[in-house]
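A.B. asks: Sharing a structure, written as structure tokens. Questions coming.
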Amino acid sequence: MKTKILSISILFFVFFQTKVQAQNISFDCIEDTYVSRSSSGTNYGTQNELLIKGSTGGNFNRKTYVKFDITGSDTDYEQILLKLVKIDGEELTMFNTNSTGTTWSETTMNWNNAPAFIDEVGQGHLRTADILYIDVTDYIKSKINNSQFTLSLAISSDDIIGSPFAVHSK
């Protein structure tokens with residue numbers, strides 16, 4: 001079996017790995033944005049960064065939403081990982097990843113109309129200072145098995161920090 005890594009940095013990448021060689025295949029991000037509770041009516045869909053942050057009382061929370069198309073993918077993988085590469089902000093130690101509906105648009109979403117979390121897909125901890133991996137194997141395989149190739153995830157954290165954890169968007 002192979003391992004797939006879905007990476008969020010400049011683009012969404014999936015890495016197919018075998019014991020002998022690694023092969024890189026990318027899936028383009030369809031849409032991405034983040035929402036901010038303190039600016040609940042503001043849309044950030046044209047920003048170059050995606051922000052994640054927890055806060056005391058939740059007033060300054062930021063949640064990132066990503067949507068991508070994995071058409072052509074299969075389930076012949078032992079593990080599928082979501083990879084976040086930090087570009088700025090304070091360190092977060094814990095991330096939550098949830099599935100959401102796919103009908104949102106990056107140009108209209110804000111805190112007030114963001115889709116609700118459906119299921120917890122995975123949790124992750126930073127493995128190095130700037131890279132986080134979240135196992136999303138079961139979620140992605142179930143979507144592929146049900147012929148659902150447009151996927152939407154929300155990434156959040158309950159960690160209380162000053163500067164938001166930032167990753168590049170597309």
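The values are calculated or read from the model by the stated rules, or taken from the named source; none is laboratory data. All of these numbers come straight from a predicted model, not from anything done at the bench. Note that each Cβ is placed from the backbone with ideal geometry, even for glycine, and that neighbours are counted across all protein chains shown. The accessibility values were calculated without ligands, DNA or RNA, using every heavy atom of the protein model including side chains. Shrake-Rupley method; radii C 1.70, N 1.55, O 1.52, S 1.80 Å.
A.B. asks: Would you list the strands (runs of 3 or more DSSP E) that sit entirely within region 45-119 and hold 3 or more residues that are open to solvent by 20 Å² or more (accessible area, probe 1.4 Å) and in contact (Cβ under 8 Å) with a residue 12 or more places away in the chain?
C.D. replies: In region 45-119, the matching strands (runs of 3 or more DSSP E) lie at 62-69, 77-85.
A.B. asks: On the basis of being modelled with pLDDT under 85, surrounded by 13 or more Cβ atoms within 10 Å (Cβ to Cβ), of a type in the set (Ser, Thr, Tyr) and at negative phi, does Ser163 make the cut?
C.D. replies: No; evaluated as a whole, the condition is false for this residue.
A.B. asks: Hey, another quick one. Check whether at least one residue in region 87-105 is among the hydroxyl-bearing types (Ser, Thr, Tyr) and over 17 Å from the mean Cα position of the chain (by Cα), and report yes or no.
C.D. replies: Step one: list which residues in region 87-105 are among the hydroxyl-bearing types (Ser, Thr, Tyr), which gives 93, 97, 99-100, 102-103, 105.
So of that shortlist, the ones also over 17 Å from the mean Cα position of the chain (by Cα) come out as none.
No: zero hits.
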